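The values are calculated or read from the model by the stated rules, or taken from the named source; none is laboratory data. What you are looking at is a predicted structure, and each value in this text was computed from that prediction instead of being measured. Neighbour counts are summed over all protein chains in view; Cβ atoms, including those assigned to glycine, are modelled from backbone coordinates with ideal geometry.
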Amino acid sequence: MGYHVSWIAPPGKDGGMDVLAWTDPLGTKPPRIKIQVKRRKDNIAVDELRSFMAILGDDDVGLFVTTGGFTKDAQDEARTQGCGVKVAGSRKVAGSGLTCNITRG
């Protein structure tokens, strides 16, 4: 896809972001892509999705991927924020998940 990964979180607490990527190698052109990845069986609740959305800036694109799923409230929250929602179980997580293109202003 042509993205340049500038940071990957070390194991442990990451502050809500696991990967930071850019469309250019120097990281000077928007959008900046922030990715959160969760490997677990339970669903992501709306509060956890909101915490991730709170770290997105004006020119950021957020991608939240989980091997579990998303609660109905989390899916509804993403939709009301202008996000396209794709929920994928562990078999379809590659290229799927919850994708949020949010402009904060």
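So, in segment 41-57, how many residues would count as being without any contact (Cβ under 8 Å) to a residue 24 or more places away in the chain and either surrounded by 14 or more Cβ atoms within 10 Å (Cβ to Cβ) or polar (S, T, N, Q) (or both)?
Count: 0.
Identify, from the list Val19, Val37, Val5, the residue that is of a type in the set (A, V, I, L, M) and buried (at least 17 other Cβ atoms within 10 Å of the Cβ).
Of the residues listed, the single one that is of a type in the set (A, V, I, L, M) and buried (at least 17 other Cβ atoms within 10 Å of the Cβ) is Val19.
Quickly run through segment 1-58 and pick out the residues that are of a type in the set (S, T, N, Q) and in contact with a helix residue (DSSP H, G or I) (Cβ under 6 Å, 6 or more places away or on another chain).
Answer for segment 1-58, where residues must be of a type in the set (S, T, N, Q) and in contact with a helix residue (DSSP H, G or I) (Cβ under 6 Å, 6 or more places away or on another chain): just Gln36.
Out of segment 38-67, which residues are assigned to a strand (DSSP E or B), at pLDDT below 85 and aliphatic (A, V, I, L, M)?
Val61, Leu63, Val65, listed by residue number.
Look at Lys13 and say whether it is outside any strand (DSSP E or B), at pLDDT below 85, of a type outside the set (Ser, Thr, Tyr) and at negative phi.
On the way: outside any strand (DSSP E or B): yes; at pLDDT below 85: yes; of a type outside the set (Ser, Thr, Tyr): yes; at negative phi: yes.
Considered against the rule, which asks whether it is outside any strand (DSSP E or B), at pLDDT below 85, of a type outside the set (Ser, Thr, Tyr) and at negative phi, Lys13 comes out as yes.
Counting only residues that are free of Cβ contacts under 8 Å to residues at least 24 places away in the same chain and either over 16 Å from the mean Cα position of the chain (by Cα) or assigned to a loop (DSSP other than H, G, I, E, B) (or both), which one in segment 22-33 is surrounded by the most Cβ atoms within 10 Å (Cβ to Cβ)?
First pass over segment 22-33, keeping only residues free of Cβ contacts under 8 Å to residues at least 24 places away in the same chain: 22-29.
Filter again for either over 16 Å from the mean Cα position of the chain (by Cα) or assigned to a loop (DSSP other than H, G, I, E, B) (or both), leaving 23-29.
Working: Thr23: 16, Asp24: 11, Pro25: 11, Leu26: 8, Gly27: 14, Thr28: 8, Lys29: 11.
That would be Thr23.
I need the full set of residues from segment 68-92 which are part of a loop (DSSP other than H, G, I, E, B), at pLDDT 50 or above and crowded, with 16+ Cβ neighbours inside 10 Å, in order please.
Correct list: Gly68, Thr71, Gln81, Cys83.
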